[in-house]
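Each remark here refers to the structure printed beneath this line.
The values are calculated or read from the model by the stated rules, or taken from the named source; none is laboratory data. Remember, predicted model here, so these are calculated numbers, not experimental data. Quick reminder, even Gly has a Cβ in these numbers, built from the backbone with ideal geometry, and neighbours come from all protein chains shown.
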Ligand SMILES: Cc1cc2nc3c(=O)[nH]c(=O)nc-3n(C[C@H](O)[C@H](O)[C@H](O)COP(=O)(O)OP(=O)(O)OC[C@H]3O[C@@H](n4cnc5c(N)ncnc54)[C@H](O)[C@@H]3O)c2cc1C
Ligand code: SF4
């Protein structure tokens with residue numbers, strides 16, 4: 001029986017494994033963390049449908065548990081890849097007939113944008129922190145109070161030459177709108193401001209969410225980038241920005257600032273380029289063989305891609321990629 005190794009047990013890797021297993025090959029998922037699920041296991045409800053992230057993961061885990069030809073090895077970090085072998089951080093080497101790399105992306109470290117005060121001021125949090133608070137059903141300020149005025153800042157660590165992240169992370173505008181709605185559902189009398197440069201609502205149902213945020217929930221959208229955040233004497237945050245639609249400088253006090261951190265390429269991608277001869281894009285994400293017809297293939301025969309390893313993607317796209325990669329692997333094995 002042919003043996004395929006999938007590196008990464010996020011949604012893309014899990015979907016790929018379950019599709020490959022149905023085609024009668026032996027699959028091993030290597031996951032460096034203690035559990036599968038990737039970033040999605042940290043999210044609360046998914047845009048655009050507000051489906052609990054845990055429902056998507058339990059659906060995938062159920063499909064995998066039903067298959068007796070899938071092995072999941074958690075706590076296993078892959079460090080080197082060839083089409084026929086994967087080396088682990090432990091030094092062990094596993095052999096296989098093909099490899100699917102589904103190692104996803106890395107969250108931008110908000111501390112790099114010092115001017116926003118993440119890690120310096122209480123109540124400056126990231127979108128990922130807010131998901132964790134939603135999951136714990138405990139959205140509060142550091143001193144236990146309920147936030148009355150909240151700002152959400154778009155494009156943190158994306159579309160930003162200064163931090164070498166020129167790409168648009170694609171999912172953060174809609175995440176910002178989703179989180180603004182969830183905050184208004186929790187705190188109907190709170191004021192929520194989204195500071196954006198452009199609103200990119202590219203997917204089905206996204207534009208409708210954006211309208212709903214304004215019309216039903218009265219979320220305020222301000223076109224402008226925040227230039228500086230500083231603490232006030234009464235434990236609040238003062239935000240300086242420019243409203244670029246009116247050209248007026250703005251100074252507002254808020255209780256909480258949520259930074260919509262972007263998706264950046266994994267550091268491991270550099271090693272994939274140097275050691276495995278795989279091509280990277282200028283953004284650092286891996287380069288598929290062809291943008292249209294070779295989307296799941298790499299430039300190296302026998303190495304395939306699935307999910308956000310090649311670009312920022314949403315969960316639906318990552319799942320679709322997982323299924324596509326499985327099809328491409330079986331075609332390739334058949335024609336080899
Ligand atoms: C704040 C935020 C909120 C989001 N909310 C939504 C939402 O509501 N709806 C939506 O559709 N999308 C959302 N997304 C996007 C979503 O997170 C991605 O679409 C999804 O995580 C991509 O899945 P993936 O499997 O490709 O990658 P990942 O989720 O990154 O999974 C990759 C897996 O590979 C593992 N791995 C990495 N390197 C190695 C290695 N060397 N060896 C072994 N294992 C390794 C990782 O530990 C991880 O488990 C959000 C993104 C952000 C930033
Ligand atoms: S999706 Fe929106 S917030 Fe995210 S980088 Fe693109 S424009 Fe900025």
Is it the case that region 38-49 has a residue that's closer than 17 Å to residue 262 by Cβ, within 11 Å of ligand 1 (Cβ to nearest atom) and surrounded by fewer than 19 Cβ atoms within 10 Å (Cβ to Cβ)?
yes
Filter result for the condition that a residue is modelled with pLDDT of 95 or more, within 16 Å of ligand 1 (Cβ to nearest atom) and within 19 Å of residue 205 (Cα to Cα), over 171, 156:
171
Can you tell me which of (1) surrounded by 16 or more Cβ atoms within 10 Å (Cβ to Cβ); (2) more than 22 Å from residue 333 (Cα to Cα) is the one residue 271 doesn't meet?
(1)
Which residue, of 73, 39, 32, is within 16 Å of ligand 2 (Cβ to nearest atom) and under 29 Å from residue 275 (Cα atoms)?
39
Looking at (1) in contact with a strand residue (DSSP E or B) (Cβ under 6 Å, 6 or more places away or on another chain); (2) in the same structural domain as residue 321 (by TED's automatic domain parsing); (3) touching a residue at least 24 places away in the same chain (Cβ under 8 Å), find the lone condition where residue 121 falls short.
(2)
Look through region 134-158, keep the residues that are within 16 Å of ligand 2 (Cβ to nearest atom) and outside any loop (DSSP other than H, G, I, E, B), and return whichever of them is surrounded by the fewest Cβ atoms within 10 Å (Cβ to Cβ).
155
Among the residues of region 159-186, write down those that are near ligand 2 (Cβ under 9 Å from one of its atoms) and either closer than 23 Å to residue 237 by Cα or assigned to a helix (DSSP H, G or I) (or both).
172, 173, 174, 175, 176
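Listed here are the residues, each with its yes/no results for (1) more than 11 Å from ligand 1 (Cβ to nearest atom); (2) touching a helix residue (DSSP H, G or I) at 6+ places or on another chain (Cβ under 8 Å); (3) in a strand (DSSP E or B).
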| residue | (1), (2), (3) |
| --- | --- |
| 79 | no, yes, yes |
| 87 | no, no, yes |
| 122 | yes, no, no |
| 129 | no, no, no |
| 132 | no, yes, no |
Given the residues 219, 229, which is the only one that is farther than 27 Å from residue 312 by Cα, touching a helix residue (DSSP H, G or I) at 6+ places or on another chain (Cβ under 9 Å), modelled with pLDDT of 95 or more and in the same structural domain as residue 155 (by TED's automatic domain parsing)?
229
For region 287-296, state whether one or more residues are more than 19 Å from the chain's Cα centre (by Cα) and in a strand (DSSP E or B).
yes
Picked from region 161-180 (must be touching a residue at least 24 places away in the same chain (Cβ under 8 Å) and surrounded by fewer than 21 Cβ atoms within 10 Å (Cβ to Cβ)), the residue farthest from the chain's Cα centre (by Cα) is 163
Search result, residues across region 221-239 that are assigned to a strand (DSSP E or B) and exposed (fewer than 15 other Cβ atoms within 10 Å of the Cβ)
227, 228, 230, 238
